[in-house]
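For reference, the structure is listed below as structure tokens.
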Amino acid sequence: MKKELLTKFEEIFGTEGKYQVYFAPGRVNLIGEHTDYNGGHVFPCALTIGTYAVARKREDSVLRFYSMNFENLGVIESSVIDLVMKKEDDWANYPKGVIWALQQKGYRLESGLDILYFGNIPNGAGLSSSASIEVLTGFVLKDFFGLDFDLTELALISQFAENKFIGVNCGIMDQFAIARGRKNNAIFLDTADLSYDYAPLELGDAKIVIMNTNKRRGLGDSKYNERRSECDSALADLQKVVNIKALGELTQEEFETHKSAIQNPTHVKRAMHAVYENQRTIRAVEALKKQDLALFGKLMNASHESLQYDYEVTGIELDTIVAAARKQEGVIGARMTGAGFGGCAVSIVEEAGIEAFIEKVGKEYKDQIGYEAAFYVVETGDGPVVL
Ligand code: GLA
């Protein structure tokens, strides 16, 4: 891989100067969906698939970006100064956004850069290909210019870029999971205060199988921001009767006591998901620690149901693939993952049954939806590294 990247880098940017190769992972969220902007818990893990970068410092203040995934777009150029989001810059708005965010936070970049990217995460599938590029870019800049921030700050800078430069109001989960990824572990993160704990992912003879519906989604054109404001509105109603800063502070019982304060019946359902999903995530992590994988799987299933009926972010493709998965032998749990509205679902499947699982779920999905799904048997991985 490294050799291929270097050959391409030299072909595009020339052979002079010192370059360095980097990698940052993608992520999959096991449970705790749409809780990260409600002050709740999430439980994602970093993967071994991700994004590579080759970078070299320039003498001037020019930034040149090239992606082996979008070769038709060629080299995209910009200046370190006056960075603005431009539609025609397409994917390069992500690294531009991070450089902009760093400057907004007061970090100084001495010069421009040439950077080549290559990613092996399917784009727009809910495995955080964009957060992977963002965190990777921040990591490259930290390394090149000796910037002084830790991995949590790296995640926050990347999220700031996504929120304020790209304009997607995402929570902290994706960037945090990528920046602080650890092989064989998932991260139990409390988004209320960013405290976190690693939980060993002891799945016995089972593996994580990601099922891609191949229905593309982009956060920008989804109902993501709409769900956020529905939760905010429910919170504002609740705050009239109970002293809380976020929905994640409520237990299920407290929610049931106070939910009549929420005016809009749809908002009651949204808030109910946020509260119950947070509690489910806490229970799921406890179950995993006790090696009760069966309970962990049941909670994954319940998470999907809540996202389907109360939060309403699944859609026919995700519901079909998850229902097909649940019917198979050796399946411990299955649910949509990420923002929803298409993209991927995640399942935990006994290793011996994986081949048959992929075949049967694939067939049922194609029969019902009309096009193929894709399957990835994934491994957990570490956060960003210099290669
Ligand atoms: C996207 C966002 C995350 C999170 C999930 C839903 O992946 O980027 O911040 O809100 O959706 O859990």
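The values are calculated or read from the model by the stated rules, or taken from the named source; none is laboratory data. Owing to the predicted nature of the structure, the values given are computational and were not obtained by experimental measurement. Positions of Cβ are generated from backbone atoms using ideal geometry, with glycine treated the same way; all protein chains shown enter the neighbour counts. For the accessible areas, the whole protein counts, side chains as well, though only heavy atoms, and no ligand, DNA or RNA atoms are used. Shrake-Rupley method; radii C 1.70, N 1.55, O 1.52, S 1.80 Å.
Summary of computed values
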{"quantity": "Identity of the residue in the stretch 366-380, within 14 Å of residue 211 (Cβ to Cβ) and under 24 Å from the mean Cα position of the chain (by Cα), that ends up most open to solvent (accessible area, probe 1.4 Å)", "calculated": "372"}
{"quantity": "Flag for residue 207 being of a type in the set (Lys, Arg) and within 16 Å of the ligand (Cβ to nearest atom)", "calculated": "no"}
{"quantity": "Residue 287 open to solvent by less than 10 Å² (accessible area, probe 1.4 Å), not acidic (Asp, Glu) and not in a loop (DSSP other than H, G, I, E, B)", "calculated": "yes"}
{"quantity": "Residue count for the stretch 115-172, restricted to those that are within 14 Å of the ligand (Cβ to nearest atom), among the aliphatic types (A, V, I, L, M) and assigned to a helix (DSSP H, G or I)", "calculated": "7"}
{"quantity": "Sole exception among (1) without any contact (Cβ under 8 Å) to a residue 12 or more places away in the chain; (2) among the hydrophobic types (A, V, I, L, M, F, W, C); (3) open to solvent by 70 Å² or more (accessible area, probe 1.4 Å) for residue 236, by number", "calculated": "(3)"}
{"quantity": "Strands (runs of 3 or more DSSP E) (entirely within the stretch 176-216) containing at least 1 residues that are closer than 21 Å to residue 50 by Cα, open to solvent by less than 50 Å² (accessible area, probe 1.4 Å) and polar (S, T, N, Q)", "calculated": "185-190, 206-212"}
{"quantity": "Test: residue 29 is open to solvent by 40 Å² or more (accessible area, probe 1.4 Å) and either more than 16 Å from the ligand (Cβ to nearest atom) or assigned to a strand (DSSP E or B) (or both)", "calculated": "no"}
{"quantity": "Residue selected from the stretch 325-354 under the condition within 17 Å of residue 365 (Cα to Cα), at pLDDT 95 or above and small (Gly, Ala, Ser), by the criterion surrounded by the fewest Cβ atoms within 10 Å (Cβ to Cβ)", "calculated": "325"}
{"quantity": "Only one of 41, 34 that is open to solvent by 20 Å² or more (accessible area, probe 1.4 Å), within 16 Å of the ligand (Cβ to nearest atom) and either of a type in the set (Phe, Trp, Tyr) or touching a residue at least 60 places away in the same chain (Cβ under 8 Å) (or both)", "calculated": "41"}
